[in-house]
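Trainee: Please see the structure below; I have some questions.
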Amino acid sequence: MTSVDVSADLRELKATLASVEAVLDLPALRRELSELEAAAADPGLWDDPDHAQKLTSRLSSIQAELKKLTSLHGRMDDVEVLFELADAENDPSAAAEAGAELASIRKAVDELEVRTLLSGEYDERDCVVTVRSGAGGADACDFAEQLMRMYLRWSEPHGFGTEVYDVSYAEEAGIRSATFAVKGPYAYGHLSVEQGTHRVVRISKYDNQGRRQTGFAAVEVVPALEQTDEIDEIPEDEIRVDVYRSSGPGGQGVNTTDSAVRLTHLPTGIVVSCQNERSQLQNKATAMAVLKAKLLQRTRDEERAKVDELRGSATASWGDQMRSYVEHPYQMVKDLRTGFETADVKGVYDGNIDGFLEAGIRWRKSSEKNADQLGS
């Protein structure tokens, strides 16, 4: 890479970073940081654990954001010096090292730029993800389990915490459904673009004739409920509560008490289960929180559908039939909305889905902008 190319690349990256900082409003962030630090020093902070947890989480998020921005400025200055030294000493290995660092910086700036596109009402929140197997028998159930693993593996290196609430295992292989939380800043904003129908095409491991099989799985993503959300208490006569014994693969009991809880919201048919705690009361409380989150999302979707109907737009169906994972006769994962694709199927199943998330977020923002223009 020539010095001219490097200079142009760095100017472009610095300009992008400056626009990101303008959107983030650094002076406002620093003021909020000062206020949160003062509040965190209050001896009575933990008298209200829920408030304290929310405050310290926001404080950590802002500190990490500002630290990342400061680090990127320093790295840009350093990489420019590295290229100059490599050029002066005509050292190919040093130039390659500097090139790798520049690529890493570009990736970090791109991620920050995508974050500025996450401006939805619930984008900053934790989220609850539900994966369900669809048509395709054992292959669909196996695929659903692969998707669950994919999201859990994606979460770990990004610093998101996860908690599995419920897994319903299939008889032959895989899962019928699973519900889990992903916790961290903008978890919902990132993963909400994964909502929809996912399709796999591969040689079936469960067909003794080795035929090609197509399987489907549905992914649902809802924002986690917060105390400030306006949602009425659900009348007891609208909920059916079933308790059962928690179990693992093959029906093997993981405890000896009927602690798992299944809630059915009778008016809507929404079913939520939780079995990750040994206490039936804790499982019921968690299941109720997830049910309320799904009802809130349902209300939001209905309101959006009414607006879309008035606009004459079909944007409410953007998440359906959204990605294909082809393992035979060739290797390809392709997003049918954005056109983003990769031949690294194994890498995708291992959680390398940032490219799909970024493309999905940009595509959604563009679609919303077009819809607003049509409606105006």
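The values are calculated or read from the model by the stated rules, or taken from the named source; none is laboratory data. Just so you know, these numbers come straight off a predicted model, no measurement behind them. For neighbour counting, all protein chains shown are included, and Cβ atoms are generated from backbone atoms with ideal geometry for every residue, glycine included. Quick note on the areas: whole protein, heavy atoms, side chains included, nothing else; ligands and nucleic acids left out. Shrake-Rupley method; radii C 1.70, N 1.55, O 1.52, S 1.80 Å.
Trainee: Can you list the trypsin sites (Lys or Arg not before Pro) in the stretch 142-246 that are in a DSSP coil and have 13 or fewer other beta carbons within 10 angstrom?
Mentor: Sites meeting the loop and neighbour criteria: Lys205, Arg211.
Trainee: At 1.4 Å probe size, with the rest of the protein present, what percent of the exposed accessible area of the stretch 12-60 is carbon and sulfur atoms?
Mentor: That share works out to 54 percent.
Trainee: Right, next: At 7 Å along the Cα-to-beta-carbon direction for both Lys67 and Glu368, put a label point, then send me their distance in nm to one decimal.
Mentor: The modelled label-to-label distance comes out at 2.9 nm.
Trainee: Hey, with R₀ at 41 Å, roughly what FRET efficiency would Glu37 and Tyr206 work out to, going by the Cβ-Cβ distance, to 0.05?
Mentor: 0.15
Trainee: Another question, then. How high is the FRET efficiency from Asp301 to Thr197, r the C-beta distance, R0 22 Å, rounded to 0.05?
Mentor: Result of the calculation: an efficiency of 0.85.
Trainee: Of Ala138, Val200, Met76, whose Cα points farthest to the positive end of the dipole of the chain (charges on the beta-carbon: +1 Lys, Arg; -1 Asp, Glu; origin at the Cα centre)?
Mentor: Ala138
Trainee: Quick one: putting +1 on the C-beta of Lys and Arg, -1 on the C-beta of Asp and Glu, what dipole do you get for the chain around its Cα centre, in Debye to the nearest 20?
Mentor: Magnitude of the dipole: close to 1280 debye.
Trainee: Charges on Cβ only, +1 for Lys and Arg, -1 for Asp and Glu, centred on the Cα centroid of the stretch 98-229; of Leu102, Gln213, Gly161, which one is farthest towards the dipole's positive end?
Mentor: Projecting each Cα onto the dipole axis, the largest value belongs to Gln213.
Trainee: Here's something else I'd like to know. With no solvent and one equal point scatterer placed on each C-alpha of the chain, evaluate the Debye formula and give log10 I(q)/I(0) for q = 0.11, 0.12 Å⁻¹, two decimals.
Mentor: Computed log10 I(q)/I(0) values: -0.95, -1.10.
Trainee: A further question on this structure: Can you list the HN-Hα couplings for the stretch 149-157, worked out from phi with the Karplus curve (6.51, -1.76, 1.60; θ = phi - 60°), rounded to whole Hz and with x for Gly and Pro?
Mentor: My calculation for the stretch 149-157 gives 4, 4, 5, 5, 6, 5, 5, 4, x Hz in order.
Trainee: Oh, and also: Nearest 500 deg cm²/dmol is fine: what mean residue ellipticity at 222 nm does the chain get from its DSSP H runs of n ≥ 4 alone, each adding -39,500 (n - 2.57), divided by its residue count?
Mentor: -17000 deg cm²/dmol
Trainee: If you stretched the chain out fully between Val271 and Ile234, how much longer would it get, using 0.36 nm times the residue separation minus the C-alpha to C-alpha distance?
Mentor: 11.9 nm
Trainee: Hey, another quick one. Please compute the contact order of the chain in relative form: average sequence separation of alpha-carbon pairs under 8 Å and at least six residues apart, divided by the residue count, as a percent.
Mentor: So the answer I get is 14 percent.
Trainee: Another one. If I model a spin label at Arg149 and Asp47 as a point 7 Å from the Cα along the Cα→Cβ vector, what separation in nanometres do I get?
Mentor: 5.0 nm
Trainee: A further question follows. Any idea of the accessible area per residue across the chain, 1.4 Å probe, to the nearest Å²?
Mentor: That works out to 53 Å² for each residue.
Trainee: Taking 56 Å as R0, compute the FRET efficiency from the Cβ-Cβ separation of Glu172 and Ser60 and round it to 0.05.
Mentor: E(calc), rounded to 0.05, equals 0.80.
Trainee: Related question: Would you please classify the overall shape of the stretch 100-164 from the alpha carbon gyration tensor, given that a ≥ b ≥ c denote the square roots of the eigenvalues, rounded means a/c under 1.5, and beyond that prolate means a/b larger than b/c while oblate covers the rest?
Mentor: Cα axes put the stretch 100-164 in the prolate bin.
Trainee: A further question on this structure: Only loop residues by DSSP count here, and only those with at most 15 other Cβ atoms within 10 Å; note down the GluC sites (Glu not before Pro) in the stretch 95-171 that meet that.
Mentor: Here the GluC sites (Glu not before Pro) that fit, given the DSSP loop and packing criteria, are Glu121, Glu171.
Trainee: Follow-up question, since we're still on this one. Give the ranking of Ser19, Ser259 by solvent-accessible surface, highest area first, calculated with a 1.4 Å probe.
Mentor: The ranking, largest first, comes out as Ser19, Ser259.
Trainee: Could you work out the relative contact order of the stretch 325-375? I mean the mean sequence separation of Cα pairs under 8 Å and 6+ apart, divided by the number of residues, in percent.
Mentor: 26 percent
Trainee: Considering only protein heavy atoms and a 1.4 Å probe, what is the carbon-and-sulfur percentage of the accessible area of the stretch 320-367?
Mentor: About 51 percent, which is the carbon plus sulfur part of the accessible surface.
Trainee: Step by step: find N for the stretch 79-222, compute 2.2 N^0.38 Å, then divide the Cα radius of gyration by it. What's the final number?
Mentor: Against the empirical 2.2 N^0.38 Å value, I get 1.44 for the stretch 79-222.
Trainee: May I ask for the Kirkwood hydrodynamic radius of the stretch 1-142, worked out over all distinct Cα pairs and given in angstroms to one decimal?
Mentor: Evaluated on the stretch 1-142, it is 18.8 Å.
Trainee: Of the listed pairs Lys14/Lys365; Lys284/Lys334; Lys54/Lys334; Lys183/Lys205; Lys67/Lys292, which have alpha-carbon separations greater than 31 Å here?
Mentor: Violating the 31 Å Cα-Cα cut-off are Lys284/Lys334; Lys54/Lys334; Lys183/Lys205; Lys67/Lys292.
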